[in-house]
Amino acid sequence: MSALQQYGLLLGLTLGTVGFVLSLYMLARSLAKTRKEPGKDVPAASGQLSRDPVWVRYHARYYGYALLFLAFDMEMAFMYPWAVVYKQEGLVALLDMGVFLAILFLGLLYGWSQGALRRQ
C-alpha cells in the first residue's frame, strides 16, 4: 500500500467517524425534548449559588502542581516509545533521552526554587 493510499484511508476513516458522530448528535437532537429552565445555566455548588467568580476559587499555588504533573506525565509518554526503539538506535537514543531528562530536571529545579514542592 503506497503512502498516498494510506493517507486516503486515514482521511476516509476520519470523515466517516466525524459523520457518524454528527449523525448521532443530530438524531439525539431531533428525538429529545428540550425545555428551557432558568436554573440550568447558573453555576451552583450543592444547590447554592456561588458568591465568588469561578477564577477566585483556586489558589495560584495549584498551578505549579499542575505544571509539575504535566512535566512528569509527558516524561512517561515519551519514555515508552523510546524504550521500544532504544535497542535499534543505540547510543543516539540514549543521548536524546539524556537531553530530554536534563530539560525536565531543569524544570524540576525551577519548580523547587519557586517553592512548588513545599507543603502548605
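None of the figures in this text is laboratory data; all of them are computed from the coordinates on show. Just so you know, these numbers come straight off a predicted model, no measurement behind them. Virtual Cβ from ideal backbone geometry, glycine too; neighbours counted across all protein chains shown.
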**Q.** Cα lying deepest toward the dipole's positive end in region 59-120, options TYR65, ALA77, VAL99, charges on Cβ
**A.** TYR65
Q: Report the extension gain between LEU117 and LEU22 in nm, rounded to one decimal, defined as 0.36 nm multiplied by the number of residues separating them, less their alpha carbon distance.
A: 29.7 nm
Q | Karplus-derived 3J(HN,Hα), 6.51/-1.76/1.60, for each residue of region 81-87, Hz, glycine and proline x | A | x, 5, 5, 6, 8, 4, 5
**Q.** Net lengthening on full extension, LEU108/ARG29 (0.36 nm per residue, minus Cα-Cα)
**A.** 23.7 nm
Q. Fully extended, how many nm does the chain gain between GLN88 and TYR7 (0.36 nm per residue separation, minus their Cα-Cα distance)?
A. 26.5 nm
